[in-house]
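Asker: Okay, handing you the structure first.
The values are calculated or read from the model by the stated rules, or taken from the named source; none is laboratory data. Because the structure is a prediction, the values reported are computed rather than measured. Note that each Cβ is placed from the backbone with ideal geometry, even for glycine, and that neighbours are counted across all protein chains shown.
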Amino acid sequence: MVGQLRTHGELRTDTVTRAFATVPREAFAPGAPLEQVYNRDDVVITKRDENGLAVSSVSAPRIQAIMLEQADIRPGMRVLEIGSGGYNAALIAELVGPEGEVTTVDIDPFVVDRATQYLAEAGYPQVRVLLVDAEGGVPEHAPFDRIIVTAGAWDIPPAWTEQLAEDGVLVVPLRLRGLTRSIALVRERGHLVSCGYELCGFVPIQGAGANAERLVLLQSEDIALRVDGDQIVDADGLRNALTLPRVARQSGVEVGGFEPFDDLDLFLATALDAFGLLVAKPAAIEAGLVERSTRMGAKTALEGGSFAYRASQATSEDRTSFEFVVYGHGPDADRIANEYVELIREWDRLHRHGPGARIEVFPTATPHAEIPDGRLIEKRHTRVLISWPHLTSS
């Protein structure tokens, strides 16, 4: 596992590598096959709700490695982990050493009891495990040099910022218009600013900070649209759009090999006024109603009763290179698809090899005049700004 994480670049420092080589992951996932426990991509589900949805898990090693590298934890630090499980807290305990302090919290008594037991059995009884709704943080043990959130968060409550040391780092998987990124945030002139972000996925946070996505059914349960927050959607118009002939537009933009393009997704979520994820079951895909990209949530532009989404088309016989293609549905399909293609080309021209997005988190009371240009996402406690510095020519 450690070798794979190093090969893929998820483990970058000797200190985090040593922690992963030291803590026995199987001690926190008893009963799970070792092949699953130590697969860098595998999540071990530890609890499901009444509908069978995962509500607690031991995250994939690669995600844990990425977030711990983002956090830059050093010996002697005080660290708060929000969302417990035990294994990640043990890794943090290795990083802070005997002079440091680790507090891990969860809202679920089952998770807290399990983490307490497994940490003690694995040799980390010094980790403080608390039953807490983390919306209010843990003021009695603050301030924290690092706060790491290991559940998908829709917002950043004031307590997390207030309990973060002045030079501290907050690492949080934040949902932005349906997309989740693990963002490392530091203070800058009265608000939080990103110093890096990574693609990730987590079970959603529970308690006072919970905020579920909306699922808009377009064709029974076979085709649906996932949208964030209180976004207004013309559901009837979109259902009708599926019955109309679709249009297809080639972008001329290709990707290949192992080049990631998740920044294109974030750029589209930033640029489009109305944005969602089109999802479909295999039957709808096999029937040719939508493309295969909808299996994982196709990034979709919405406008009234029309929509367009991105798919890909192989451009080599060995299927190692692909061209982005946009499919449009509805009365304005042609225009929306063309506009979508232009955004893909803009990303390719200006941002594909650039520095990425700048993400800033302002308190909700911040006047609009004090916030720079960009896509402003309004949340309960914060105003999140996404902007894209242009790629500078050499």
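Asker: Any residue in the stretch 218-228 that is more than 16 Å from the chain's Cα centre (by Cα), assigned to a strand (DSSP E or B) and under 24 Å from ASP145 (Cα atoms)? Give the derivation first.
Answerer: First, the residues of the stretch 218-228 that are more than 16 Å from the chain's Cα centre (by Cα): 218-225.
Going one step further and asking which of them are assigned to a strand (DSSP E or B), we end up with 218-219, 223-225.
Imposing the further condition that a residue be under 24 Å from ASP145 (Cα atoms) reduces the set to none.
For the stretch 218-228, residues more than 16 Å from the chain's Cα centre (by Cα), assigned to a strand (DSSP E or B) and under 24 Å from ASP145 (Cα atoms): absent.
Asker: Moving on to the next point. Does any residue of the stretch 57-70 turn out to be within 22 Å of LEU199 (Cβ to Cβ), part of a strand (DSSP E or B) and assigned by TED's automatic domain parsing to the domain that holds VAL172?
Answerer: Keep residues of the stretch 57-70 that are within 22 Å of LEU199 (Cβ to Cβ), which gives 57-70.
Subsequent filtering for residues that are part of a strand (DSSP E or B) retains 57-58.
From what's left, assigned by TED's automatic domain parsing to the domain that holds VAL172: 57-58.
Looking through the stretch 57-70, at least one residue is within 22 Å of LEU199 (Cβ to Cβ), part of a strand (DSSP E or B) and assigned by TED's automatic domain parsing to the domain that holds VAL172.
Asker: Right, something else. For the stretch 380-394, what are the residues that are closer than 21 Å to ALA274 by Cβ and either modelled with pLDDT under 95 or surrounded by fewer than 14 Cβ atoms within 10 Å (Cβ to Cβ) (or both)?
Answerer: ARG380
Asker: Right, next: Of (1) among the small types (Gly, Ala, Ser); (2) over 18 Å from GLU94 (Cβ atoms); (3) surrounded by fewer than 20 Cβ atoms within 10 Å (Cβ to Cβ), ALA134 satisfies all except one. Which?
Answerer: (3)
Asker: Kindly indicate whether any position in the stretch 136-150 is modelled with pLDDT of 95 or more, among the aliphatic types (A, V, I, L, M), in a helix (DSSP H, G or I) and under 22 Å from ALA65 (Cβ atoms).
Answerer: no
Asker: Spot the failing condition for ILE63; the list is (1) more than 16 Å from the chain's Cα centre (by Cα); (2) of a type in the set (A, V, I, L, M, F, W, C); (3) surrounded by 14 or more Cβ atoms within 10 Å (Cβ to Cβ); (4) modelled with pLDDT of 85 or more, and only one is missed.
Answerer: (1)
Asker: Something else about it: Show the residue pairs meeting these rules: Cβ distance below 8 Å; 6+ apart or different chains; first residue within the stretch 1-27 and more than 14 Å from GLU94 (Cα to Cα); second residue of a type in the set (Phe, Trp, Tyr) and not in a helix (DSSP H, G or I).
Answerer: Matching pairs, first to second residue: MET1/TYR38; GLU26/TYR38.
Asker: Being within 24 Å of the chain's Cα centre (by Cα) and over 13 Å from GLN206 (Cβ atoms) is the filter here; which residues of the stretch 103-122 pass it?
Answerer: THR103, THR104, ALA115
Asker: Here's a follow-up. Where residues in the stretch 182-220 are in contact (Cβ under 8 Å) with a residue 40 or more places away in the chain and polar (S, T, N, Q), which of them is surrounded by the most Cβ atoms within 10 Å (Cβ to Cβ)?
Answerer: Among those residues, the one meeting the criterion is SER182.
Asker: So, GLN126, is that one farther than 30 Å from GLU213 by Cα, assigned to a loop (DSSP other than H, G, I, E, B) and not β-branched (Val, Ile, Thr) or not? It would help to see each step written out before you state the result.
Answerer: Details: farther than 30 Å from GLU213 by Cα: yes; assigned to a loop (DSSP other than H, G, I, E, B): yes; not β-branched (Val, Ile, Thr): yes.
Yes; evaluated as a whole, the condition is true for this residue.
Asker: Quick one: would you say LEU302 is touching a residue at least 60 places away in the same chain (Cβ under 8 Å), assigned to a loop (DSSP other than H, G, I, E, B) and surrounded by 13 or more Cβ atoms within 10 Å (Cβ to Cβ)?
Answerer: Working: touching a residue at least 60 places away in the same chain (Cβ under 8 Å): yes; assigned to a loop (DSSP other than H, G, I, E, B): no; surrounded by 13 or more Cβ atoms within 10 Å (Cβ to Cβ): yes.
When the stated conditions are applied, LEU302 does not pass them.
Asker: Pull up the stretch 138-181, narrow it to residues that are of a type outside the set (Asp, Glu) and out of contact with any strand residue (DSSP E or B) (no Cβ under 7 Å at 6 or more places or on another chain), then point me to the one that is surrounded by the most Cβ atoms within 10 Å (Cβ to Cβ).
Answerer: Taking the stretch 138-181 and keeping what is of a type outside the set (Asp, Glu), we get 138-139, 141-144, 146-154, 156-161, 163-165, 168-181.
Checking which are out of contact with any strand residue (DSSP E or B) (no Cβ under 7 Å at 6 or more places or on another chain) leaves us with 139, 142, 157-159, 179.
Numbers: PRO139: 10, ALA142: 17, PRO157: 18, PRO158: 15, ALA159: 17, LEU179: 20.
The extreme case among them is LEU179.
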